1. Inside the stretch B:716-738, can you point out the residues that are open to solvent by less than 40 Å² (accessible area, probe 1.4 Å) and within 11 Å of chain A (Cβ to nearest Cβ)?
2. Could you check the stretch B:256-276 and list, in sequence order, the residues that are closer than 13 Å to B:Ala518 by Cα and of a type in the set (Phe, Trp, Tyr)?
3. Can you confirm whether the stretch B:398-409 contains a residue that is among the aliphatic types (A, V, I, L, M), in contact with a Leu (Cβ under 8 Å, 6 or more places away or on another chain) and modelled with pLDDT under 90?
4. Mind counting the residues in the stretch B:380-400 that are crowded, with 24+ Cβ neighbours inside 10 Å and not in a loop (DSSP other than H, G, I, E, B)?
5. Please determine whether any residue of the stretch B:284-303 is under 19 Å from B:Thr365 (Cβ atoms) and aliphatic (A, V, I, L, M).
6. Only one of B:Ala530, B:Ala526 is small (Gly, Ala, Ser), within 11 Å of chain A (Cβ to nearest Cβ) and open to solvent by less than 40 Å² (accessible area, probe 1.4 Å); which?
7. Would you check which residues across the stretch A:201-214 are within 22 Å of B:Leu718 (Cα to Cα) and either open to solvent by less than 10 Å² (accessible area, probe 1.4 Å) or facing chain B (nearest Cβ under 8 Å) (or both) and list them?
8. Pick out the one residue from A:Pro174, A:Pro162 that is crowded, with 19+ Cβ neighbours inside 10 Å and in a strand (DSSP E or B).
Amino acid sequence: MKIKFGGQDIILHHSGMAFLPGGIAIVSDLHLEKGSHFAGRGYFLPPYDSHATLVKMLKIFHEQRVRQVIVLGDCFHDEEGFSRLDPPARELFDALRRFDPIWIKGNHDGEFVPPGFTAFDIFEHAGITFRHEAAPGAENEMSGHFHPKAQITHKGGQFERPCFIEDGRKFILPAFGAYTGGLAVSDPAIRKLFQSPRIHVLGAAKIFSLPFRN
Amino acid sequence: MPLKIKGRSKRKSIDLPLSQWMADKGWQWFPHQLEVFEAAQAGKNVLLCAPTGAGKTLAGFLPAFGALLSVNERSGLHTLYISPLKALTVDVHRNIGKPIEEQGLPITYETRTGDTPSSKRARQKRKPPDMLMTTPESLSLLISYDNAAEYFKSLRFVIVDELHALMSSKRGDLLSLAIARLKALAPQAQFIGLSATIPDPELARDWLCGSEGAIIQAPARTQPNIRILQSAKRIPWSGHMAIYAMEEVYAEIAKSRMSIVFVNTRAQAELIFQQLWKLNEKDLKIGLHHGSLEPELRRRVEEHMAKGLLDCVVATSSLDLGLDWAEVDLVVQIGAPKGVSRLLQRIGRSNHRLNEPSRALLVPTNRFECIECQAALDAIAHKELDGTDSRKGGFDVLAQHIFGTACSGPFKADALYDEVRRAWPYRDLERKQFDETLQFVIDGGYVLKAYERFKRLVIDADGSYKLAHPRLSRQYRMNIGTIVEAPMLKVKRGRQYLGVIEEYFINHLSPGDTFLFAGEVMEFLALRDATVMVRRTKADAPKIPSYDGGKLPLTTHLSLRVRELLEKPKEWKNLPENVGNWLSLQAKRSILPSKDRLAVEIFPRSGKYYTIIYPFAGRSAHQTLGFLLMRRMKRRGERPLGFVATDYAIAIWSLKKPTHIEGLLCVDLLGEELNDWLEDTPLLKRTFREVAVVAGLVERRHPGQKKTGRQMTFSSDLIYDVLYKYERGHILLRAARQDATSGLIDTGRLSDMLIDMQGKIQVRELDSVSPLAVPMILEIARESVSRREAGEYYLEDLQQQLLEEAGCGTAT
């Protein structure tokens, strides 16, 4: 599905990725090695999350003929995440370099930058500002950080889905990582950033655009 | 000091403790109390089965009193009492304290539960009382301390109360493992089990102490006096709230000295409490008691009841077990009892004395429940009870126990395996399964990739497993227990805590919305620091919290009774008139289900075909059957849209008329389709969520706990997806499947039912809805194929609706 944002045609993909013209993919909050992060604290989550996330991402890059990727921060769940990648996952991660990656620093992976990547706090392209966490007041800005999800009640059914949220000024992407939960779009932390937002909910094979309801 | 007295039965005189106290009270021993004492004196383990009000608890403690009072020197914990409810430990503490205080006996006795302050716990750890009253979870904690061997060294008696309620659950698994541990730490300890009257006491005895133990049965109570409310009002087709009967229920309450109104769910409790207060022109003192209320509020209600300060209490199963309220003279059961044993247990709360009949009133909330209530009465008249389910011990509980064992000190795998197999639910545990569970505790047990550097247990030079770091014992203690609830938030009015409520319910409220809680209408103000802030309001039409809990399945035995009743029109005269007429009309218009006939009806309605199947096999089995039928109908091109399952029947609606019903309900549904289907079902994810918490895969969330940073909790569904993709055979997935097929999905019962129904299927095609099908059409708790697909369906539908509102027609 296509929307206009910052004067650009932006394609929203049901995986939670967005595409700019020219084969540029935008993806946020991969939280790689979240599983092993918790293993270090004594909770043995299945150690395959990085692998699952990267395989899914590269598959979409291939299908959508992506040329460049902008990662909007929190690529790793913590600063040591990169060093914990196992060889197969490391190989997949290294394949990202073929996509001329723009690495935006997140709060989780902090100052860490993987070898061969160029890191930015803020990156600008085609009149749009890319950063990890939305800055109140900034316009034409795309960010991640909050993992927005929609809570939907309809005809007695209740369910939650990750979603994009935007109001023409600001745009927040859902989290892409295999283990990433979400924060309700009605939470004040998200809600206060927007004037009259629209949400674009990730379906199994397409995006559903809905008006925002508190 | 022990006195020589004669029991009521003709038996030789024995030394009995507390006899002076009994005599002072003008009370006499029951024969079964003496038998327990004698059997224990002879060194036996004992199971006592007795109805409520038969002095069960005192009987259980008698041998301990005898032993404690006959020695001068003693040290360490002597007697351990375990009950499933915190409230019950408090109650037993009070009751056992009476003879001790009044006789000035040199016995110390204390409770220890999750509510015990840490200073008191620390003291109990250093200097244990003679008698300790506790819960299964607190016992697991006690055996995980590094001083456990010393602590339990001198233990002489272990009393397990309400054994029937604990046995066939995960809590029972946990307790059985703790008991196996106690047997190793204190080989001299004797076990005394206390249980309601159950049809298969041998099973309970074997569970607790093996086949050597003695079984003592108290005589049954006088037949209870139970009526079904003969309402002058029309009984509703469907619904579960019994609003129609409230005036009549109020009149009954007003006539009684003290009554308990039992309901099946917390939502019913809130609503009925409010309805009764609306009618309360006589200013009766009516209280409310359910599991979501703040413990302090609950305790106050219990205390007021014990002192006789209340006229009536509206309660859920939070009051089901053993608490002693002698003054109650009427029990009202709102809604169908779902099982005969549960009904008797609840009814036993009134006239809590062995030789007086209990008085009870059943209030069905809809027509099907009328039939069920009558069937339950028939079963009680014939002295029939529901059997106990036996279950295989869960791997998730075993994982928790292994971790706890490591917290108490190093262990050898061989020795622990032998010990675990002495716990009844794990008696058939294979070594391979044990090893895989142990490996999960060590490093997660993943085959494809190991968390080598994060191991929780390491091997010593002598081959013992021990904790890799002492701080891990904190992790164990924070996550103990087998009860996993939906995420809860605390509810606060001003500075006062009122209780907890399901987070998902609050998520769908906006400030200004009103809902019923703690018996009052509350206005939702804000969510502040993971606390729900509310204020009292006078507003009408509040929302009712839709609690998950309390949906009890109909027992097999009772469902058989229901079908028997349906095939005997002569017995319908006992049913309310409009219900009897309803069944007669059904017999005329269509067919009635019976023991030898599985009735199926098909009729068109608003562009769809409804297929109604009446197996009377309980909601879990029906729900599974519904999912399987949807799947098969989809494959046959009959385009099913959804279904609804109740305890009595299943209704499926489809775009095309289903043909060849016998083929649809063929036994191979289970073999061929169940396994495929199971892997992709929301039910399996639901059981996995519980398994993940119990096994310690994810951190347990405590009510109102503040999330650290942004969303540190996980969706266990996401973990399930990854694990399923990479390691389908993982021990926790197997644990989830085991839980799903025995609990939520109830395949055992489903397969019995499918086999039983072959050759008995009778299909009736109708022009329109039949009388019996009306409640099914009105039922609202509907399921579609899977949550993912359901969500997709709702999204499509919602978007369509919005487009139509905007005048855009059918574009997508």
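1. At the first step, the residues of the stretch B:716-738 found to be open to solvent by less than 40 Å² (accessible area, probe 1.4 Å) are B:716-717, B:719-720, B:722-723, B:727, B:730-733, B:735-736.
If the condition is that a residue be open to solvent by less than 40 Å² (accessible area, probe 1.4 Å) and within 11 Å of chain A (Cβ to nearest Cβ), then B:Ser716, B:Asp717, B:Ile719, B:Tyr720, B:Val722, B:Leu723, B:Glu727, B:His730, B:Leu732, B:Leu733 are the ones that fit.
2. To start, the set of residues in the stretch B:256-276 that are closer than 13 Å to B:Ala518 by Cα comprises B:266-274.
Scanning the stretch B:256-276 gives a single hit, B:Phe273.
3. No - not one qualifying residue is present in the stretch B:398-409.
4. 6
5. The initial filter retains those residues of the stretch B:284-303 that are under 19 Å from B:Thr365 (Cβ atoms), namely B:288, B:290.
The next check asks that each one be aliphatic (A, V, I, L, M); those that pass are B:288.
Yes - at least one qualifying residue is present in the stretch B:284-303.
6. Working: B:Ala530 fails: within 11 Å of chain A (Cβ to nearest Cβ).
Being small (Gly, Ala, Ser), within 11 Å of chain A (Cβ to nearest Cβ) and open to solvent by less than 40 Å² (accessible area, probe 1.4 Å) holds for just one of B:Ala530, B:Ala526, which is B:Ala526.
7. Our first condition is that a residue be within 22 Å of B:Leu718 (Cα to Cα); within the stretch A:201-214, this holds for A:201-208.
Passing the criteria: A:Val201, A:Gly203, A:Ala204, A:Phe208.
8. Numbers: A:Pro174 fails: in a strand (DSSP E or B).
Just a single option satisfies the conditions, and that option is A:Pro162.
The values are calculated or read from the model by the stated rules, or taken from the named source; none is laboratory data. These figures come from a predicted structure and were not determined experimentally. Positions of Cβ are backbone-derived with ideal geometry, glycine not excepted, and every protein chain shown enters the neighbour counts. Surface areas here come from the heavy atoms of the whole protein model, side chains and all, with no ligands, DNA or RNA. Shrake-Rupley method; radii C 1.70, N 1.55, O 1.52, S 1.80 Å.
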